[in-house]
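Student: Here's a structure for you.
The values are calculated or read from the model by the stated rules, or taken from the named source; none is laboratory data. Fair warning: this is a prediction, and the values are worked out from it, not measured in the lab. Ideal geometry is used to build each Cβ from the backbone, glycine not excepted, and the neighbour counts take in all protein chains shown.
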Amino acid sequence: MSEFADSEFQGKVVAITGAGNGLGRAHAHEYAKRGAKVVVNDLGGSVDGTGEGDAADAVVKEIEALGGTAIANKASVSDRDGAKSIVDDAIAHSAESTFWLTMPAYCATSPFARCRWMSGTRSLRYT
């Protein structure tokens with residue numbers, strides 16, 4: 001799937017919250033195109049976070065159909081256990097212990113091409 005063989009995201013794990021639709025989904029696809037393994041986090045409910053659904057699973061299937069690697073996580077980022085499960089899934093999904101957790105709005109102020117691995121100062125970076 002990677003169109004960017006020399007991408008700095010190649011082989012890295014990126015966990016994206018709200019990745020079932022909209023900007024989150026678009027970012028999940030872009031990171032996957034750049035060679036990242038993606039943890040697609042989404043409750044799958046409505047825009048206000050209520051309800052349940054399979055939005056994360058659908059995005060994982062889309063990424064895999066294009067040759068990328070992704071797993072779904074349906075935990076809520078609003079509580080400690082849910083947030084921890086996202087981190088735990090990212091660690092389990094990585095052959096190395098480096099991943100990046102991003103909320104799509106953090107890159108929304110500039111073109112995706114300007115988002116860099118080390119520029120995620122407002123994102124949680126675990127090494």
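Student: Which of the residues belonging to the range 65-97 are polar (S, T, N, Q), crowded, with 16+ Cβ neighbours inside 10 Å and over 17 Å from G18 (Cα atoms)?
Tutor: Within the range 65-97, T69, S94 qualify.
Student: Still on this structure, please answer the following. Contact list please: Cβ distance under 8 Å, first residue in the range 57-73 and in contact (Cβ under 8 Å) with a residue 40 or more places away in the chain, second residue of a type in the set (V, I, T) and surrounded by fewer than 17 Cβ atoms within 10 Å (Cβ to Cβ), pairs at least six apart or on different chains.
Tutor: If the second residue must be of a type in the set (V, I, T) and surrounded by fewer than 17 Cβ atoms within 10 Å (Cβ to Cβ), the pairs left are I63/T69.
Student: When you check V59 against the structure, is it modelled with pLDDT under 95, part of a helix (DSSP H, G or I), on the phi < 0 side of the Ramachandran plot and surrounded by 14 or more Cβ atoms within 10 Å (Cβ to Cβ), yes or no?
Tutor: Criteria not met by V59.
Student: Consider T50 against the criteria (1) farther than 21 Å from S7 by Cα; (2) modelled with pLDDT under 75; (3) in contact with a helix residue (DSSP H, G or I) (Cβ under 6 Å, 6 or more places away or on another chain): it satisfies all of them except one. Which criterion is unmet?
Tutor: T50 satisfies all of (1) farther than 21 Å from S7 by Cα; (2) modelled with pLDDT under 75; (3) in contact with a helix residue (DSSP H, G or I) (Cβ under 6 Å, 6 or more places away or on another chain) except (3).
Student: Please give the number of the condition R80 fails out of (1) touching a residue at least 12 places away in the same chain (Cβ under 8 Å); (2) under 21 Å from I91 (Cβ atoms); (3) out of contact with any strand residue (DSSP E or B) (no Cβ under 8 Å at 6 or more places or on another chain).
Tutor: Looking at each condition in turn, R80 falls short on (1).
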